[in-house]
Amino acid sequence: MRRTALALTTALVALPLMALPGWARTEITLSTQQEPTVLDPTADATASIDSMLTQNVYESLTSVNEAGEVIPALATDWTVSEDGLTYTFTLASGVTFHDGTSFDAEDVLFSFNRAMAEDSTNPSKRIFEPITEITAPDAQTVVITIDHTDAFFLFNLAQGDASIVAPESVDGNATSPVGTGPFRFDSWTRGDRLTLVRNDDYRDLQDGMMERITFRFIADPTAVTNALMAGEIDGTAGFPSPELLPMFESDPRFTVAVGTTQGEVILALNNGRAPFDDIDARRAVNHGLNRQEIIDGAMYGYATPIGSFFPPSDANYVDLTGLYPFDPEVARSLLADAGIAEGTSIRLRIPPFAYATRSAVIIQAEMAAIGLDVEVEQLEWAAWMDQVYNGRDYEMTIIAHTSPNDLSNFTRGPNYFYGYDNPAFNTLWDQIVATADPVARGALLQDAQRFVADEAVHGFLFQLPSLGVYRTELSGYWVSSPVIFSPLADLRWTE
Amino acid sequence: MRNLPVSLWIGGALVGVIALAALVSLVWTPQDFATVAVSERFQPPSARYWLGTDQLGRDVLTQLMVGARNSLTIALVAVGLGGALGTALGLLAGAKGGWTEEIVLRLADFSFAFPALLFAIMLAAAFGPSFANAVVAIAFINIPVFVRVSCASARQVWQRDYVLAARASARGGLAITRDHVLPNIAAIVIVQATIDFAGAILIEAALSYLGLGVQPPEPSWGRMLSEAQTLLFLAPQLTVLPGLCIVATVLGFNLLGDGLRDLADPRREKAR
């Protein structure tokens with residue numbers, strides 16, 4: 001009797017659901033640890049701007065797939081001249097921006113000229129540095145001429161820094177972004193959430209695409225866990241607490257997606273001021289770091305050690321983790337050579353991310369063992385950007401560099417927060433960029449990895465893993481992150 | 001000698017144990033508090049690690065003992081400073097009366113209007129997180145309580161006959177305050193300080209929990225709680241132990257304060 005009643009109840013509950021053909025969930029809530037500073041990827045280097053908006057709200061001429069290959073976006077097709085210096089792009093037709101204005105070659109010219117302008121605040125102007133001329137023979141064609149071959153050019157054009165914006169709406173992009181992508185911006189409640197809605201005029205609209213995507217800004221690992229458990233969020237790409245992953249792995253409601261990223265986590269040393277303008281001091285720190293201890297303690301083993309500034313998932317990776325073996329005695333004698341007294345006080349000013357705060361305590365203890373008195377200062381993200389990244393007021397910091405191909409960071413000169421300036425490396429990087437042959441370029445990239453490791457520019461710690469936790473019914477998310485953006489058009493709820 | 005109140009016994013015992021642990025940590029701890037040994041993490045209690053180790057292989061008992069020392073030091077210095085300054089202001093207001101009293105009391109009311117913890121967070125955030133700034137912040141929010149308590153009690157004393165007699169014999173305000181007023185309100189101020197001690201311990205724990213108090217590698221109960229938060233399922237003892245320490249200390253000082261008050265004011269005890 002009891003069983004019949006139960007069956008009846010089940011049928012009654014299930015009936016309305018079955019009676020609605022084609023009923024499907026088309027809303028999703030994700031969480032992200034870092035709140036964006038502004039909503040314009042062409043104006044600020046904060047990674048969360050790209051992870052939420054690039055290739056979702058904004059589009060670029062090209063895009064990149066999960067395997068890291070360049071694929072068409074606003075440019076449906078392109079040809080490269082014999083000498084590798086002239087790119088002719090054919091643009092998608094019938095595309096409109098979210099505010100209804102049309103997209104054509106003029107918008108591309110406008111976006112590039114704006115990014116390349118003298119007073120541009122674009123965070124990655126070096127992407128555009130090879131460009132000598134950019135013209136639009138007709139409304140659907142753009143021709144870009146560069147002055148030296150650039151193996152990364154098409155890849156770079158996919159990044160948020162090269163987003164195509166419209167002259168009519170560009171001034172408002174910082175708070176109300178307008179692009180051509182599959183999702184349009186809906187709202188941004190600072191400190192709480194950002195919402196995107198589907199762009200029903202999108203040229204490549206697919207069945208089952210999400211109608212509404214909400215990003216909640218939740219930095220606290222416990223809060224993210226509770227939100228997932230309570231069903232307040234459906235997934236997160238950057239789960240901050242590796243120690244809790246086994247709990248999600250054993251829970252059938254969730255899928256844990258562990259992949260690779262382009263994020264090298266470094267103990268950045270300020271090469272521009274004492275004591276780390278001295279290579280012996282930098283090498284001493286490197287000898288004092290016990291990577292395995294940091295990875296086990298801060299990441300619970302979910303990370304790969306790195307000895308230079310290059311992702312282990314790349315075919316051209318060289319394992320340099322053995323270059324400065326962990327040896328406090330060697331470290332102490334190098335510090336003595338550099339004339340650094342026992343107990344010298346060093347500030348370790350860190351951003352508020354779990355990988356940084358957790359590594360900091362361990363590094364503090366490791367540095368104490370070699371005679372450096374490290375003071376940990378935890379800064380808010382905006383304060384970190386302002387004082388450490390822009391103001392270069394630090395001796396040590398811990399940060400993940402999540403952009404691809406970012407060995408070029410070491411060419412950014414004394415005004416970049418590394419404070420590292422070495423003409424020999426700049427020459428090497430120019431060679432890499434100019435080399436079209438993949439094998440020859442690979443060999444040069446390996447040289448570059450050895451170069452920065454040999455110079456001990458920073459303490460290279462580990463490659464940040466991509467730790468995603470999602471509802472099991474969800475599909476279409478990226479497990480690995482070859483770029484800092486993550487397209488959401490393929491997200492689907494499955495039965 | 002009449003029986004001491006029960007609360008005094010219990011409170012004294014709790015505070016005594018914690019204070020003893022803090023004192024012992026000055027000369028001896030089971031392990032070095034700054035030592036991180038990741039390979040030794042999550043060890044169960046053993047002869048070497050009496051209460052096991054935490055997520056970075058640090059000895060939990062050591063962390064708790066040095067944490068007690070840091071908590072008690074901050075509370076002692078902060079309540080001492082705040083209490084001395086607050087009592088001085090209260091005595092001044094009580095002695096002078098009139099405008100001085102108005103201004104001092106209204107200033108105290110003004111700072112009462114701010115939630116104490118928020119105010120401490122604001123101070124710590126503005127001047128940077130550190131041990132010293134935590135002391136200053138907690139001292140500051142303790143001032144108004146002592147102003148109120150000492151001023152109100154001082155005014156009563158000023159109306160007593162023996163004070164009138166002293167005034168009639170042309171003794172100065174300072175001398176009367178020192179010889180008659182202060183000794184008579186001392187008991188009340190000490191009771192107040194004991195109770196505020198509990199509050200100071202709580203606020204220090206909250207500041208450290210938020211990363212605004214004692215900075216690593218110096219251990220602190222509040223930071224132990226926040227660091228162990230995500231480990232609640234893996235290693236519950238890491239949150240339970242510092243939590244128990246905070247509860248024991250706060251409860252201890254509150255009971256001690258109650259007991260002292262009963263002792264200082266026999267009428268209250270009879271009324272209960």
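Values in this text are rule-based calculations from the coordinates and carry no lab data. On a predicted model such as this, the values are computed, not experimentally measured, just so you know. Every residue, glycine as well, gets a Cβ built from its backbone with ideal geometry; the counts of neighbours run over all protein chains shown.
What are the ³J(HN,Hα) couplings of region A:188-199, residue after residue, when phi is run through the Karplus curve with 6.51, -1.76, 1.60 and θ = phi - 60°? Round to Hz, x for glycine and proline.
9, 9, 4, x, 10, 7, 9, 10, 10, 10, 5, 8
If I model region A:288-408 as equal point scatterers sitting on the Cα atoms and use the Debye formula, what is log10 I(q)/I(0) at q = 0.12, 0.19 Å⁻¹?
-0.51, -1.24
Considering amide H positions built from the backbone, and no H for Pro or chain starts, which residues 5 or more places from A:Leu372, or on another chain, come under 5 Å of its amide H?
Result for A:Leu372 returns A:Gly343.
If amide H atoms are built 1.01 Å from N in the plane of the peptide, which residues on other chains or at least 5 residues away come under 5 Å of the amide H of A:Glu377?
For A:Glu377, the qualifying residues are A:Leu348, A:Arg349, A:Ile350.
With just the Cα atoms defining each centre, how far is region A:20-82 from region A:188-218? Give it in Å.
12 Å
Collect residues whose amide H, placed 1.01 Å from N in the peptide plane, falls under 5 Å from the amide H of A:Leu91; neighbours closer than 5 in sequence don't count.
When sequence neighbours closer than 5 places are left aside, the close amide H contacts are A:Thr76, A:Thr141, A:Val142.
Can you give the log10 of the normalised intensity I(q)/I(0) at q = 0.11, 0.15, 0.18, 0.19 Å⁻¹, computed with Debye over equal Cα scatterers of region A:116-189?
-0.36, -0.66, -0.92, -1.01
According to a simple spin-label model (label point 7 Å from Cα along Cα-to-Cβ), what is the distance in nm between A:Thr427 and B:Ala165?
For the pair B:Ala165/A:Thr427, the computed spacing is 9.9 nm.
Please state, to two decimals, what the Cα-based radius of gyration of chain B comes to when divided by 2.2 N^0.38 Å (N = residues).
Working: Rg = 21.8 Å, N = 272, 2.2 N^0.38 = 18.5 Å.
Ratio of Rg to 2.2 N^0.38 Å for chain B: 1.18.
Compute the signed sum of charges (Lys and Arg +1, Asp and Glu -1) over the other residues within less than 14 Å, Cβ to Cβ, of B:Ala78. Each step should come with its number before you reach the end.
Values: positive: none; negative: B:Asp196, B:Glu204.
Summing Lys and Arg as +1 and Asp and Glu as -1 gives -2.
Hey, what number do you get for chain B at 222 nm if only DSSP H runs of n ≥ 4 count, each worth -39500 (n - 2.57), divided across all residues, to the nearest 500?
Working: 11 runs with 196 residues, N = 272.
Here the helix-only value at 222 nm equals -24500 deg cm²/dmol.
Would you calculate the separation in nanometres between label points at A:Thr472 and A:Phe110, each defined as 7 Å from the Cα along the Cα-to-beta-carbon direction?
4.9 nm
With r defined as the distance between the Cβ atoms of A:Ala67 and B:Phe114 and R0 fixed at 41 Å, what FRET efficiency is calculated, to the nearest 0.05?
Efficiency computed from Cβ-Cβ geometry: 0.15.
Relative contact order of chain B, please, whole-number percent, based on alpha carbon pairs below 8 angstrom and at least 6 residues apart. Write down the numbers at each step before the final one.
On the way: 422 pairs, mean separation 72.0, N = 272.
Worked out over chain B, it gives 26 percent.
One quarter of the convex hull surface, Cα atoms only: what value does that give for chain A in nm²? All intermediate terms of the calculation are to be shown ahead of the outcome.
Numbers: hull surface 102.6 nm².
For chain A, averaging the hull's shadow over all directions gives 25.7 nm².
To the nearest 0.05, how large is the calculated FRET efficiency for A:Arg212 and A:Asn390 if R₀ is 45 Å and r is the Cβ-Cβ distance? Don't skip to the answer; put the middle values down first.
On the way: r = 35 Å, r/R0 = 0.78.
That pair, A:Arg212 with A:Asn390, gives E of 0.80.
Spelling out what I want: for every residue of region B:108-122, take phi, set θ = phi - 60°, compute 6.51 cos²θ - 1.76 cosθ + 1.60 (Karplus), and round to whole Hz; glycine and proline get x.
Karplus values, whole Hz, x for Gly and Pro: 4, 4, 4, 6, 5, 5, 7, x, 4, 5, 4, 5, 5, 5, 4.
When each pair of different Cα atoms in region B:1-141 is counted once in the 1/r mean, what is the Kirkwood radius in angstroms, to one decimal?
Values: mean 1/r = 0.0539 Å⁻¹.
After inverting the mean inverse Cα-Cα distance, the result is 18.6 Å.
Starting from the coordinates of the alpha-carbon atoms of region A:400-473, obtain the Kirkwood hydrodynamic radius over all distinct pairs and give the value in Å to one decimal. Before the final figure, lay out each step's value.
Working: mean 1/r = 0.0707 Å⁻¹.
When all Cα pairs of region A:400-473 are included, the Kirkwood radius is 14.1 Å.
Tell me the net charge near B:Leu212. Cut-off is 13 Å between Cβ atoms, B:Leu212 excluded, with +1 for each Lys or Arg and -1 for each Asp or Glu. Let's see the in-between values first.
Working: positive: B:Arg223; negative: A:Glu377, A:Glu380, B:Glu204.
Result for the local shell: -2.
Would any residue of region A:355-390 have its amide N under 19 Å from a label point 7 Å out along Cα→Cβ of A:Val38? List them or say none.
Under 19 Å, as judged by backbone N against the label point of A:Val38, lie A:381-390 of region A:355-390.
How big is region A:342-495 on each of its three principal axes, counting only the C-alpha atoms and giving the largest first in Å?
62, 40, 29
Taking the simple approach of a point 7 Å from Cα along Cα-to-Cβ for both A:Ala139 and A:Arg253, what is their distance in nm?
In this crude spin-label approximation the distance works out to 5.2 nm.
Sort largest first and round to whole Å: the equivalent ellipsoid semi-axes of region A:62-172, each the square root of five times a Cα gyration tensor eigenvalue. Working shown, then result.
Numbers: eigenvalues 83, 56, 43 Å².
Taking √(5λ) for each eigenvalue gives 20, 17, 15 Å, largest first.
³J(HN,Hα) across region A:397-407 via Karplus (A = 6.51, B = -1.76, C = 1.60, θ = phi - 60°), whole Hz, x for Gly/Pro?
8, 10, 8, 9, 9, 8, 6, x, 6, 8, 4
Find the centroid of the Cα atoms in region B:113-144 and in region B:1-49, then give the distance between the two in whole Å.
Here the two parts' Cα centres lie 27 Å apart.
Measuring from centroid to centroid over Cα atoms, what is the spacing of region A:363-382 and region B:151-189 in Å?
53 Å
Suppose a student asked you for the relative contact order of region A:62-172, using Cα pairs under 8 Å spaced at least 6 residues apart; what percent would you report?
30 percent.
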